[in-house]
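**Student:** Shown below is the structure under consideration.
Here, each number is a calculation from the coordinates, and none is a lab measurement. All values derive from a computational prediction rather than experimental measurement. Because the Cβ atoms are built from the backbone with ideal geometry, glycine has one as well, and the counts that use them run over all protein chains shown.
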Amino acid sequence: MENRIGVFIKAQRKKAGLTQEEFAMRSNLGLRFVRELEQGKPTVQLDKVEQALAMFSYHLEPIKDERR
């Protein structure tokens, strides 16, 4: 399974012209968390994912997987 959230965060971060370090500081997240999120770590804290998404005015929301 691809890591769509990590890929999305990385793309948004780059689009904003931020390094991982800058993004971590501005979003008040740890650099290690940002790196692990972007690299697709299978277990991450959802509250921190929400915090990362909020930097770009997005949030988590459950959606039905129509492929199943």
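**Student:** Report relative contact order for region 4-54 in percent, whole number only (criteria: Cα-Cα under 8 Å, sequence separation at least 6).
**Tutor:** With pairs under 8 Å counted, the relative contact order is 41 percent.
**Student:** Report, in deg cm²/dmol and to the nearest 500, the calculated mean residue ellipticity at 222 nm for the chain, where each DSSP H run with n ≥ 4 adds -39500 (n - 2.57) and the sum is divided by the residue count.
**Tutor:** Result for the chain, helices only: -15500 deg cm²/dmol.
**Student:** Looking at the chain as a GNM with Cα springs under 10 Å, which of F56, F33, F23 has the largest mean-square fluctuation?
**Tutor:** Looking only at F56, F33, F23, the biggest GNM fluctuation is shown by F56.
**Student:** With charges only on Cβ, +1 for K and R and -1 for D and E, what is the dipole size of the chain about its Cα centre, in debye, rounded to 20?
**Tutor:** 160
**Student:** Determine how many Å³ per residue the convex hull of the Cα atoms of the chain encloses.
**Tutor:** Considering the Cα atoms of the chain, their hull volume per residue is 94 Å³.
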